[in-house]
Every structure is written in C-alpha cells, then in structure tokens.
Amino acid sequence: MSETANNGALKGLRVVEMGQLLAGPFCGQLLGDMGADVIKIEPPGKGDPMRDWGQGKEKVQWEVIARNKRSVTCNLRVPEGQDIARKLIANADILVENFKPGTLEKWSLSPEELHAINPGLIVARMSGYGQTGPYSTRAGFGGIGEAMGGWRYIVGDPDRPPARMGISIGDTLCATYGTMGVLAALHHREKTGEGQVIDTALYEAVLQVMEGLVPEYDYNGFTRERSGSILPGIAPSNVYSCKDGPFMIGANNDAIFARLTEAMGQPELAEDPEYKTHLARGRNQTILDEMINQWTGALTIAEVDALMIEHSIPAGRVYTAKDMLDDPHFREREAIIEVETEGHGKIKMQNAFPRFSKSTSGFRRSAPTSPGQHNAEVFGEVLGWDEQMLADNAKNGLI
C-alpha cells in the first residue's frame, strides 16, 4: 500500500526499529505517527510475535502498532545479517531497540561501534532494568517493571492481591519516555551534531509516574496501600452506581463539591463541618461516597450526566470501545479514525496524539502484512541492492 502525503513534524528522519513486542515497537509507532520513516527489522519467517497478539477472533492489534512502518527481514544472529543491519543503521537518524542489554554488543552493533560510522545517530534503548546496574542482564517484561516501579502494589482492592491494568502500561510508558528522549536528543544534535544514547528502563518509567509515593515514605514513613476505586483522602472522586450502570464523578474541590450538593438537592452538606473542606471530606470519604451512591442509584446515567453538565461538575460515563465509537465528541475530534488496511480492510483505531497546529500526524501507511514485505523497496532505496542481490541474500537465509 502506498504512503499518503506526509506533513509530519519528523518528516525526513529515518528510524530503524529493532526488537519485538511492545516497548520498542510502540516507540517506533509514536515516531512514525509524527512523520518519521520507520524501517522495522523482523526475523525472517514468522516476524514479530506482536503479529499474533490481541483479543478476538482476528488479531488486529498489529494494525495499530505497526502502522506507518516498512518491514524488512534480517537474520541478526549471524555476522552477515548484522552487517546488513549495520549498513541500514549507517543511513539512519535514530535506532530504537529493546533487546536484553548486551545483545547489541554481542552482535558488534554497540552504540560505540555505530557512532564510529554514524556520529549523529540517536540510539533509544529500552530494557527491563536499564543498561547498567546489578539487574541489567536480567530478563524484563512490562509487568515486572510495573511491579518493581511501585504500580502493581497499589492497584486493586485492599483485601486482595495486587492487580493489573488491562493493558501493558509499563511497556507503553517506557516507550513514551524513550520517544521523549529521542526528541530531546534531536534538539541536542541540531546544536552540536552529536548523537547519543537514551537508556530507558521499564521500572524507571513506571517510577516516574508514581507521584509522591517515595517522598511520602521517606519523609512521613507513609506507605501507600491498595485502595480500590478511590485515592485515599481525595473525595468525592469515585465511580458511582446509577440505575443502568456506572458513572464517574470528580468533585473533590471545595467549590465543585458545593455545586454537587446543589445538584443532589442537599446544599446543606457544603456547610457541614464534616464535609466542608478537602481534609474533612478525606476523613469522611467512605460515608460521603455512600451518600452519593445512594443518590445516583435512584437515577439513570443520562439523568446524572445532565445534572453534572448543568452544575459544571467534572464527570463522565465509564466507556467501553462501543461507547467511544458512538460518541459525537470522539467523532468531531477524530480521536478514532477509520482506515483502509491491507490485512483487514477497513478498520477503526485510535488516531495519533498529540495534535499539532502546523504539522500533520496520523495514519499514512497500513501495517505490513508479512515480514520482509518491503525488502526490495528498502534495500534498493537505502543500500542500492538489485534483484540479484536480493535473491542471493534471501537464498542464503539472511533476509
């Protein structure tokens, strides 16, 4: 499938993506969404295991994470294949990889060796524990990073073991910080001409979003525990039960809480010393939630939603994918787009984010349907290979 017009902010930059599953490929997706030319290296044969990931009869998660990429195959486990990768990287601006630390070095593709042939190269490395330290050589997945970074311990109900989110948040956080590092490194290179290495660890990416968890323990001796659907002391802010389903209300600010009491027909609560202030509501969080839940339980979601809008109270329906597809705000902002893919025809997926006022980010190219789909195109364009060279390297199992 040909690429549509590219007006992305990263147009003109070439990314070589090495690695599999989530962290590296999601970083590649973000860069590709912003206009970069992403060349994904897959092992000959089956390719990235992400091709078989997802829920439902047809595995369509690949259509999102591999959009805006070109796939080439290369056997990185042999010196000849490593040499092919080295030549591709020599012509790239950015290398994204999420192998176990030491793998690039074992393949003679260390950042030092790559910078010798491409001084401006930016190398984004994603791993479980980082490139240094006593745990660096351990295998690491996103879930392990979530556990060590503090996320898993505080997620779930207090009387049950630690829970998880329904997505691989550790991987995507690591990839997002890796992307942030790439963009900062591009600015550094513009000023100095120097490339550099970005070392992003799964557990440290999770740690970054843990708010006051560490200083609260260090300074106060306070350990955050699992608290279910609430943040302790932040009230009211919870999912409440209406006649026909759940509804989220966030009214923990004093002025907003006063408006909520008006909507509930109980304005006296706003002056009650037990609920008037942020700290008081925190102390009486359970009782307050029970009162609000009793009120919402007598109304439908639509009725509560209308009252929240009328009184300017932050609130929202708890959406499923179907709800998102039916929502006019999602449609107006094109948060979800319908695209034509090679593998599954027309399919809806999340649009690129964030939005730019002067550049266009988004879907330009369908995910490659097979490993090495763009071998001829990329190797010819970047390395000058002809048909005979392609045939010879394929025959030798290198691509």
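Quick rundown of the values:
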| quantity | calculated |
| --- | --- |
| Test for A263: is it surrounded by 17 or more Cβ atoms within 10 Å (Cβ to Cβ) and over 34 Å from the mean Cα position of the chain (by Cα) | yes |
| Subset of segment 384-399 (residues that are in contact (Cβ under 8 Å) with a residue 60 or more places away in the chain and either within 12 Å of I84 (Cα to Cα) or β-branched (V, I, T) (or both)) | N393, L398, I399 |
| Top-ranked residue of segment 28-63 - restricted to ones that are open to solvent by 60 Å² or more (accessible area, probe 1.4 Å) and acidic (D, E), ranked as nearest to L95 (Cα to Cα) | D52 |
| Yes/no for A36 being of a type in the set (A, V, I, L, M, F, W, C) and over 23 Å from V378 (Cβ atoms) | no |
| Every residue from segment 91-106 that is surrounded by fewer than 20 Cβ atoms within 10 Å (Cβ to Cβ) and in a loop (DSSP other than H, G, I, E, B) | N91, F99, K100, G102 |
| Residue that is basic (K, R) and touching a helix residue (DSSP H, G or I) at 6+ places or on another chain (Cβ under 8 Å), where the choices are R189, R160, R164 | R164 |
| Only listed residue being open to solvent by 20 Å² or more (accessible area, probe 1.4 Å), out of contact with any Asp or Glu (no Cβ under 9 Å at 6 or more places or on another chain) and of a type in the set (S, T, Y), chosen from Y177, Y135 | Y135 |
| Residue check, E194 of a type in the set (D, E), out of contact with any Cys (no Cβ under 8 Å at 6 or more places or on another chain), open to solvent by 80 Å² or more (accessible area, probe 1.4 Å) and part of a loop (DSSP other than H, G, I, E, B) | yes |
| Pick from segment 352-381, criterion hydrophobic (A, V, I, L, M, F, W, C) and open to solvent by 20 Å² or more (accessible area, probe 1.4 Å), ranking: nearest to N6 (Cα to Cα) | F363 |
| Single unsatisfied condition, D157 versus (1) under 30 Å from R226 (Cβ atoms); (2) surrounded by 14 or more Cβ atoms within 10 Å (Cβ to Cβ) | (2) |
| Count - residues of segment 315-332 that are closer than 19 Å to I167 by Cα, without any contact (Cβ under 8 Å) to a residue 12 or more places away in the chain and surrounded by 11 or more Cβ atoms within 10 Å (Cβ to Cβ) | 2 |
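The values are calculated or read from the model by the stated rules, or taken from the named source; none is laboratory data. This is a predicted model, so every value here is computed, not measured. Note: ideal-geometry Cβ built from the backbone for every residue, glycine included; neighbour counts use all protein chains shown. Side chains included, ligands, DNA and RNA excluded: accessible areas come from the protein's heavy atoms. Shrake-Rupley method; radii C 1.70, N 1.55, O 1.52, S 1.80 Å.
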